[in-house]
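The values are calculated or read from the model by the stated rules, or taken from the named source; none is laboratory data. Everything numeric here is computed off the predicted structure, so don't read it as measured data. The protein model used for the area step is the full one, side chains on, heavy atoms only, and it has no ligands, DNA or RNA in it. Shrake-Rupley method; radii C 1.70, N 1.55, O 1.52, S 1.80 Å.
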Amino acid sequence: MKNNNNKEEQQVQKQEFLFDSINYKILLIGIAVIALGFILMSGGGSKDPNVFNEEIFNFRRIRLAPTTVLIGFGITIYSIFKKSK
């Protein structure tokens, strides 16, 4: 009875993470790039609701921020599919 408990405890202690540490680092970089894209998208509003602000249609919010978010998703997907060596 005692030997069975020891074997079970050893098996529990030998559990490994799903990914390697490099995968987690790449995943965190991807999440940071996605967050940067959303930060770039923010702003451009008007303080007065009766006044239209053309700033919401500038290059940063229309092209740069969505591209940054998509690149971040690509990095995240790459980190998931990267095989361990």
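Average projection, convex hull of the Cα set of region 21-81: 4.4 square nanometres.
Accessible area per residue for region 21-81 is 72 Å², calculated with a 1.4 Å probe on protein heavy atoms, without ligands, DNA or RNA. With a Cα cut-off of under 25 Å and a minimum spacing of 8 residues unless on different chains, the lysine pairs in region 13-85 number 7. The share of accessible area on region 19-85 that comes from carbon and sulfur is 70 percent, using a 1.4 angstrom probe. Residue-wise HN-Hα couplings along region 27-40, as the Karplus relation 6.51 cos²θ - 1.76 cosθ + 1.60 with θ = phi - 60° gives them from phi, are 4, 5, 5, x, 5, 5, 5, 4, 4, 4, x, 5, 5, 5 Hz; Gly and Pro carry x.
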